[in-house]
1. Local charge sum around residue 274 (other residues, Cβ-Cβ under 12 Å, Lys/Arg +1, Asp/Glu -1)?
2. Could you state the number of Å between the C-alpha centres of the range 1-29 and the range 112-161?
3. What does the net charge come to around residue 150 if you take all other residues with beta carbon closer than 10 Å to its beta carbon, with K and R at +1 and D and E at -1?
4. Within the set 41/64; 97/259; 64/97; 53/97, which residue pairs have Cα atoms separated by over 29 Å?
5. Can you pull out the trypsin sites (Lys or Arg not before Pro) in the range 157-246 that DSSP calls coil and that have at most 12 other Cβ atoms within 10 Å?
6. Cβ under 12 Å from residue 170's Cβ, residue 170 left aside: what net charge do those residues give with Lys, Arg +1 and Asp, Glu -1?
7. Count the DSSP beta bridges whose two residues both fall in the chain, then state the antiparallel fraction as a percent rounded to the nearest 5.
8. Rounded, prolate or oblate: which fits the chain, taking a ≥ b ≥ c as square roots of the Cα gyration tensor eigenvalues, rounded meaning a/c under 1.5, else prolate when a/b beats b/c?
Amino acid sequence: MEFVNAFTIDVEEHFQVSAFEATIARNQWGDFPSRVVANTKRLLALLAEHAVKATFFVLGWTAKRHPALVREIEAAGHEIASHGFWHRIVYDQSPNKFREDIRLGRDVLQEIVGHRVTTYRAPSFSITRRSLWAREILVEEGFDVDSSVFPIHHDRYGIPDAPLDIHRIDTPAGPLWEFPPSVACIGGMRLPVGGGGYFRLYPLRWTTALLRRIHRLDQRPFMFYMHPWEVDPGQPRIAVKSRLSRFRHYVNLSGTEAKLSTLFQQFRFAPVAEVIRSVRNI
């Protein structure tokens, strides 16, 4: 069986990533030259070239400053979803602050596109065991699909024993469908293969072999994610103290676009909502 997989893009500036927030305060974001429009348009052109439709998780702060970009994404036939407003780690917020953030991010997007936005992804996949309370708030705020739980062990995110496939979560406020970033199981180990830094780090043959393994052995579609700054090798280097953070952000940026072109030739992709409907008939 050939599965249709989800392709997703977290629309944010290169300086807004969680690993840089100790170096760059949010009140400094406006001081940096924006590169997100040009980078997102590069991805839009690449998607159009390969006839791929995707889900764009747009940060509210970015959408507010670039509403024409959001409209361009939707006009190209892609799904608009929310990445919150301030790119704050969920487990570092109180429930009330989290509600304020997702409501603000959602409202900015809905005002731009003129319809409901019901799919969400937390910054840095930060719905963990420490922040499972966020799911009920998401449902209360009108979201019915989430892609925030990475089913691996990681120093900043992840729930190592979380389900790997698309699944329904019943919260006190109602149901929420979770579509996690993809993981391949090898010898009892969970190996992240869903995109981002993992895609830039792994050899392409290794990535495609693992993705095919998910299809063949697990009989499920995979979830793939990227950021616009990952096709921008010329972005300014931020002087962060952590060598690990620098490595994760800047490794192999120059090869991302070519790798994506090959990936699009080997797999079928669609927006998140379409993939969920295809496998769960909702």
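Any read-out appearing in this document is the output of simple, stated calculations on the displayed coordinates, not a laboratory observation. The structure presented is a predicted model; accordingly, all values stated were derived computationally and were not measured. Because the Cβ atoms are built from the backbone with ideal geometry, glycine has one as well, and the counts that use them run over all protein chains shown.
1. On the way: positive: 53, 268, 277, 280; negative: 79.
Neighbourhood net charge equals +3.
2. 14
3. Net local charge, residue 150 excluded: +2.
4. With Cα atoms farther than 29 Å apart: 97/259; 53/97.
5. 237, 241
6. 0
7. Values: 10 of 31 bridges.
Around 30 percent of the beta bridges assigned by DSSP in the chain are antiparallel ones.
8. rounded
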